[in-house]
Structure formats: C-alpha cells, structure tokens
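Undergrad: Below you'll find the structure I mean.
The values are calculated or read from the model by the stated rules, or taken from the named source; none is laboratory data. This one's a predicted model, so the numbers in the text were calculated from it and none came from an experiment. Glycine gets a Cβ as well: all are built from the backbone with ideal geometry, and neighbour counts include every protein chain shown.
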Amino acid sequence: MRRAVLAGAVMLGLAGSGLGPSAAAAQAFQGTIRFTVRDENGRATDITQFSRPGKSSFMAVESGKPGGGMIVDSTAGTMTIIDNEEKTYSVINLAMMQQMMQGMAGMARGMQRGNRADADPAPKGTITPTGRSEVVAGVTCQVYSYDGTSDGKHETGEVCLAKGAGVMVGGQIPGQLPGMMGMQARQSMQQRLRAWGPLGTLLSQGYGILKATNNENGKPNGSLVVTAFQRGAPPDASFQPPAGFKEKSMGDMMGGGRRP
C-alpha cells in the first residue's frame, strides 16, 4: 500500500473519469467531496472536488499558500486551469491537447520500454478487516489495517472504506477527460489499482476512502480524511472560474508571462 494512496492518487493523474467496473457507474456520482491530505511533516492540503455528469472541478489549497485547481468540461471539450496566486485562469482545448499527446505517444512508449528493467517491483502486502467501524463526514465506513512492502520500505496503516462513498470510489479520480485522453487515463489508473493489490481491488469494486493513515518503516508518513461528503448536483458556479479572475492566453501560460 504505497503512500500514493493517501495523496498522489487524488492529486496526480488528474485526467480521468469513470474507472473500475464501468465508466457509467463512476460518473453516476454527483456531489461535493472535501478532504484534507497531510504529508509526513504534517503540512496540510485542503482539497475540494465537485462532480456532475460531464463536468468536474478540483481545487487544492496548501496551508499558507494560495493554491489553484482545474475545471474539466467534457461536453465543451475544455479544461480550465485556475491560478489563485495570480488570480487568472487559462482555457485549454482538449482536442488540441489530444493531438499533442498522440504525437508524443511513440516517445512515451519508448521511454516505458527503456525504464521497464528499472521499474520498482509491485508492492506486496495484506489488508485485513479490523471489525471496527467509524463515522466520517456523516458516512459509516469499515476500518481495515494493512501491512506490506513498497519500494523496499515497510508500510503499515489503516484505511476506512465505504461502498459508494469517499475518495476514489470505484477508482475514480478527479476530472472527466473525453475521448482518447480519458481512455488512456482510465487504463493508467486501472494499472495503478492493480499494483496496489488488495486495496486496489476493493477500490475497483466500488469502495471509497473516507480516512487513511500511513506509516513508513515505523514512522508516520501521511494521512487523509474526508471532512465533507454531500450528494446532489453542485451549483453552476462550482464549474466556473472565481469572480474577478482574468483569462490568461495559452501563449502567456506557456511562456510564463502575465497579463497587465
């Protein structure tokens, strides 16, 4: 059970929609999830995810920093990147991005083949029901303990799972990219779930994470806790840049320039 379960899985690979048993099942969730991720030093990042069919929004704010996020509109074919520090946003055409990705696909496959021999071995371990349950953000979840090795390190901890509720339900991650990009992201995430062994299996079966702690070689190494879980379509404003933010062109974004 690698620590990516606690943070990387919900903050990296933000391209993806339905994962697990079927895309339709994962996309069925409409609502708001708020959760806090802490790293090994106790630094907190507060994350809010809004979801409804065809749209998703993901905002992250690290303690003491302005943060930012993204909005994916698969119907319009756009991704909006939000920068809270500059109070700007940039709209990316997903069709153009997909063309760029296809052009780089051969290079990526070559790199994967080249790195295959150096790849870390898949983590090994067990996940065991403790018989305990907790109520987290108003949802009852079942507590599991895990013990295993990952990247040569001994990892232990607990995770509280609920069917159909929490972070990564059915392996879902924030974002709903359409077309080839979405398919590639889903395949990538499915590979990660398989690598996580028993925990990945439970997530792919429709469970979600309400709370988790991780220890590496006997030392605390991060945690995740859902602070709010609400079903129902979020308001339209959840999928729009904040009021007063200015649009930054793609040229400015790629070049690092700012609009006056």
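Undergrad: I'd like the residue in segment 76-107 that is out of contact with any Pro (no Cβ under 8 Å at 6 or more places or on another chain) and in a loop (DSSP other than H, G, I, E, B) and, out of all such residues, is modelled with the lowest pLDDT.
TA: ALA76
Undergrad: Any idea how many residues of segment 49-79 are crowded, with 20+ Cβ neighbours inside 10 Å and not charged (D, E, K, R)?
TA: Residues flagged as crowded, with 20+ Cβ neighbours inside 10 Å and not charged (D, E, K, R) within segment 49-79 amount to 14.
Undergrad: Next question. Tell me whether segment 37-44 contains one or more residues that are within 14 Å of the chain's Cα centre (by Cα) and at negative phi.
TA: yes
Undergrad: Tell me yes or no: at least one residue of segment 33-51 is of a type in the set (Asp, Glu) and at pLDDT 90 or above.
TA: Scanning segment 33-51, I find at least one residue that is of a type in the set (Asp, Glu) and at pLDDT 90 or above, so the answer is yes.
Undergrad: When residues of segment 138-166 are filtered for being out of contact with any helix residue (DSSP H, G or I) (no Cβ under 9 Å at 6 or more places or on another chain), within 22 Å of GLN230 (Cβ to Cβ) and not small (Gly, Ala, Ser), how many remain?
TA: Residues meeting the conditions: 5.
Undergrad: I'm trying to understand the selection: among the residues of segment 108-154, which are modelled with pLDDT of 70 or more, within 22 Å of the chain's Cα centre (by Cα) and not polar (S, T, N, Q)?
TA: ILE127, VAL136, ALA137, GLY138, VAL139, CYS141, VAL143, TYR144, TYR146, ASP151
Undergrad: Taking into account only those residues within segment 131-152 that are of a type in the set (Asp, Glu) and touching a residue at least 60 places away in the same chain (Cβ under 8 Å), which is nearest to GLY164 (Cα to Cα)?
TA: Quick first cut of segment 131-152, residues of a type in the set (Asp, Glu) only: 134, 147, 151.
In the following step, the residues that additionally are touching a residue at least 60 places away in the same chain (Cβ under 8 Å) were identified as 134, 151.
Working: GLU134: 16, ASP151: 30 Å.
Filtering segment 131-152 for residues that are of a type in the set (Asp, Glu) and touching a residue at least 60 places away in the same chain (Cβ under 8 Å), the one nearest to GLY164 (Cα to Cα) comes out as GLU134.
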